[in-house]
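Colleague: My questions all concern the structure below.
The values are calculated or read from the model by the stated rules, or taken from the named source; none is laboratory data. Predicted model only: the values in this text are computed from it and were never measured. Note that we place each Cβ from the backbone using ideal geometry, even for glycine, and neighbour counts take in every protein chain shown. Each accessible area value is taken on the protein alone, full model and side chains, heavy atoms only, with ligands, DNA and RNA left out. Shrake-Rupley method; radii C 1.70, N 1.55, O 1.52, S 1.80 Å.
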Amino acid sequence: MMTNTEHTAVIFVKSDADGQVLTCTEGLSFWGGVDPDTGQIIDALHPDHGASLAGKIVLMPTSRGSCSGSGVMLQLARNGQAPAALVFREEEDILTLGALIAGLLFDRPIAVLRLDAAIYDALAQADDAEVRGDALLFEDRTIALKTPGAQDLQLTDADMRMKAGDGGKAQKIAMDVLCLMAAAQGATSLIDVSRAHIDGCILAHDANLDFAEKMQEMGAKTVIPTTINAISVDRENWTKQGVVPIFGSKASRLADAYVNMGAQATFTCAPYLLDDVPAEDEAIGWSESNAVIYANSVLGARTQKHPDYLDLFIAMTGRAPNTGVYLTENRRPQCEIRVQLPDTYDDAIWPMLGWLAGSKSPNGIPVLTGLEHATPTTDDLKALCAAFGTTSAAPMLHVRGHTPEGTLPLRDDAIYCDIAVADLIDLWGTFNAANDQVDLIAIGSPHASLTECRNFSELLEGRKCSPATKTILTVGRNTLALATKEGLVTQLEAAGVHIFPDICWCSITEPVFPTAAKVLMTNSGKYSHYAKGLTGRDVRFGSLKNCADVAVNGIAAAGLPVWLTPKS
């Protein structure tokens, strides 16, 4: 992303604030990492797990993870549990957008600052700080804060008409926010995008519903083809699944609001599995972190990791800030990660490599080398991209020999690091700290592909899932239709698998999520990271075959898998 380097201390969202300084050494995904009702950090793998952000001057290098963090930021602001201010050292969009919407539409602004390294490091040593007007005060220092302006943004005549309100109040708000975000990102213009994908349709909190219905009431309409993410209920069947009526009704209203504004009722977190996928170099406006990373990395399309709510504004205007990885020069890798592969391995390695790559390159785009002779499937790359998004803020990665831009030259200031077999062994232990008695198998984070459905069916052929271990597979509607036509749904259900469309593991709630389950097992690196914070359950991880075997016998194997076991 291009950054505004004219000033060393910038305020993007104005609001007076004071409080105790809390410095997070790592970036944090507010979705899945922060309780939207209390402000407590719930990411079990974050070094500041358990700390409260409420009322604090919160410092972190940048955010990471889910695009839905903007919605959590809005919910925290509305219920009085937000940080007093957010202070970043590097470019950040997701929480900035949430704070901007909190002030613009709900009169609950949260100050957002970006400081250069020297000022940031000095502030991190302070006990307390204050933001007053255009100044940051801490200890005996007063730092002048500059506000980026949108006056230098080059707008087309069509942009100006939308900004003037010719298309109605809702579209004017959309264009105003796009211009503010473009200025914050250092963009000088907007770019046409051909399609959008909306992520803020999960009822993780009431803020998402209130925002969507407010925009719908204003007359918001999409102007480009727009798909919609997984939602919080099986839209057509939730009334028969024991879902609490008030929750099911709100979740349905949220989904319907976006459909009424023009989005297609796709209800999938894997829009790249639909029939019409973006082409290489096509500029698109997607949200949902795993989808963004897959689109950029595997398809070679171009999209920023747009925050929730901004995705709707992009869909309403067909425009996005022309910055970040829309620009070729910003797609070059900033880090080379040299991977040491074990002699043998199975599909579990790919989400593990994604998670580790993100932890090695938490803010910049990496290129993975050492995999040139491997043969990852599209499902393997899907799993890698999804896990990468949990530990890195970057909107893409390259895999030399397997992704379209894997040969792009490294940036001049690139760094080098390694993923060794020892790293894989350590991560296996982290992902498998739970007891071996498994109550739930969770497949489909992100939504399972048709190939994954076939493979899981073959792995279960001639066997039945244990009644004591519920096995759930989540899919998009399009994949469900194809799997039904192929006979896979019949085969899987005969083996005891429960299949749910529309929802995914990032949105599933009790009682569809089994209330009595204490330990779950998944083949997803993404869900392995988030599940504890989202559900309170302990987690086991393994390959798709491991999951199929445990679905049948209910017991996860102890120790390392054969392919990670050191040779004597």
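Colleague: List the GluC sites (Glu not before Pro) within the stretch 441-497 that DSSP assigns to loop and that have no more than 10 neighbouring Cβ atoms inside 10 Å. Present the calculation step by step, with values, prior to reporting the outcome.
Modeller: Working: sites: GLU452, GLU458, GLU461, GLU486, GLU493; in loops: GLU461.
In loop regions of the stretch 441-497 (DSSP not H, G, I, E or B), the sparsely surrounded GluC sites (Glu not before Pro) are GLU461.
Colleague: Carbon-plus-sulfur fraction of the accessible area of the stretch 412-475, 1.4 Å probe, in percent? Could the numbers behind the result be given before it?
Modeller: Values: 1310 of 2760 Å².
Here it works out to 47 percent.
Colleague: Further, regarding this structure: Starting from 0.36 nm per residue, how many nanometres of slack lie between LEU327 and ASP436 once their C-alpha separation is accounted for? Before the final figure, lay out the partial values.
Modeller: Working: separation 109, 0.36 × 109 = 39.24 nm, distance 4.75 nm.
This chain segment gains 34.5 nm when fully extended.
Colleague: Restricting attention to the stretch 85-190, which GluC sites (Glu not before Pro) occupy a DSSP loop and are surrounded by at most 15 other Cβ atoms within 10 Å?
Modeller: Values: sites: GLU90, GLU91, GLU92, GLU130, GLU139; in loops: GLU90, GLU91, GLU92, GLU139.
Passing sites in the stretch 85-190 are GLU139.
Colleague: When the label point is put 7 Å from the Cα of ALA516 along its Cα-to-beta-carbon vector, which residues of the stretch 541-561 have a backbone N closer than 19 Å?
Modeller: 551-556
Colleague: Could you work out how much longer the chain between ALA117 and GLN20 gets when fully extended? Use 0.36 nm per residue separation minus the Cα distance between them, nm to one decimal.
Modeller: Numbers: separation 97, 0.36 × 97 = 34.92 nm, distance 1.97 nm.
Difference between extended and current length: 32.9 nm.
Colleague: Roughly how many Å² is the accessible area per residue of the chain, as a whole number, for a 1.4 Å probe? Don't skip to the answer; put the middle values down first.
Modeller: Working: 20590 Å² over 568 residues.
That works out to 36 Å² for each residue.
Colleague: Return one number: the angle in degrees, 0 to 90 and rounded to the nearest 10, between the long axis of the Cα atoms of helix 206-217 and the longest principal axis of the Cα atoms of the chain.
Modeller: Result, in degrees: 60.
Colleague: Another question, if that's okay. Roughly speaking, what is the stretch gain from ALA494 to ASP281, that is 0.36 nm per residue apart minus the C-alpha to C-alpha distance, in nm to one decimal?
Modeller: Separation in residues times 0.36 nm, less the Cα-Cα distance, equals 72.4 nm.
Colleague: Run the accessible area of the stretch 138-295 with a 1.4 Å probe and give the carbon-and-sulfur part as a rounded percent.
Modeller: C and S fraction of accessible area: 48 percent.
Colleague: Nearest 10 degrees is fine. How inclined is helix 169-184 to the longest principal axis of the chain, computing both from alpha carbons?
Modeller: 90
Colleague: In degrees between 0 and 90, to the nearest 10, how far off the longest principal axis of the chain does helix 544-553 point, with axes built from Cα atoms?
Modeller: Approximately 60 degrees, to the nearest ten.
Colleague: First obtain the Kirkwood hydrodynamic radius of the stretch 94-218 from its Cα pairs, then insert it into the Stokes-Einstein equation at 25 °C and 0.890 mPa s, and state the resulting D in µm² per second as a whole number. Mind showing how you got there, number by number?
Modeller: Numbers: Rh = 17.2 Å.
For the chosen part, D equals 143 µm²/s.
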